[in-house]
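Written out below as C-alpha cells is the structure these notes cover.
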Amino acid sequence: MNPVGGGGGASVQQVIAMRDAMLEKSRLLKELQQGQQAQSTVPTDAPAQGGGFGDSLKDALSSVNDAQQRSSAASEAYARGETQDVAKVMLARQEAGVAFEATLQVRNKLLSAYQEIMRMGV
C-alpha cells in the first residue's frame with residue numbers, strides 16, 4: 001500500500017506546470033485586453049506574429065482534453081484493479097477538474113467580451 005502523496009512527484013510537477021501555463025495564458029489575455037485600447041496604432045494589414053490566438057486556444061483545449069483522458073484512464077485502471085494508488089487517481093481527477101474550470105472561465109470571459117462588443121454597435 002502506497003502512502004498518500006508518495007511517488008506522485010511527477011504528477012505534482014505536471015499540475016504545477018499546468019498551473020503556470022494557465023497563469024501565463026491569463027497574463028497574455030490581460031495584455032491582449034489592454035492592447036485593444038492601443039490597437040489603433042497597429043496597422044490592420046500587419047501579418048500575425050506567432051501562432052495566433054486561435055492556435056493558442058486550440059492548444060489549450062487540447063491540453064484540457066488530454067488531462068481529462070488521463071483522468072478517465074486512471075479511474076478506469078483503478079476500477080479494474082490494475083492500480084492501487086488512489087493518490088494518483090485523485091490527482092489526475094483534480095488536474096482535469098482544474099483544467100476544465102479554467103477553460104470555463106476563459107469561455108465566460110470570451111463570451112462576455114463578445115457580448116460587450118456586440119452592444120457597442122458600429
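What follows is calculated from the coordinates using simple rules that are stated; it is not laboratory data. Just so we're clear, the structure is a prediction, and the values are computed from it rather than from any experiment. A quick note on method: Cβ atoms are made from the backbone with ideal geometry, for glycine too, and the neighbour counts reach across all protein chains shown.
Efficiency by 1/(1 + (r/R0)^6): what FRET value for residue 87 and residue 111, r their Cβ-Cβ distance, R0 = 30 Å, to the nearest 0.05? Kindly include the intermediate steps, with their values, before the conclusion.
Working: r = 36 Å, r/R0 = 1.20.
Calculated value: 0.25.
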Response to the item:
Computed over the Cα atoms of segment 57-98, the Rg and Dmax in Å are 11.0, 36
Fill in: Modelled FRET efficiency - R0 25 Å, residue 53 with residue 20, Cβ distances, 0.05 increments
0.80
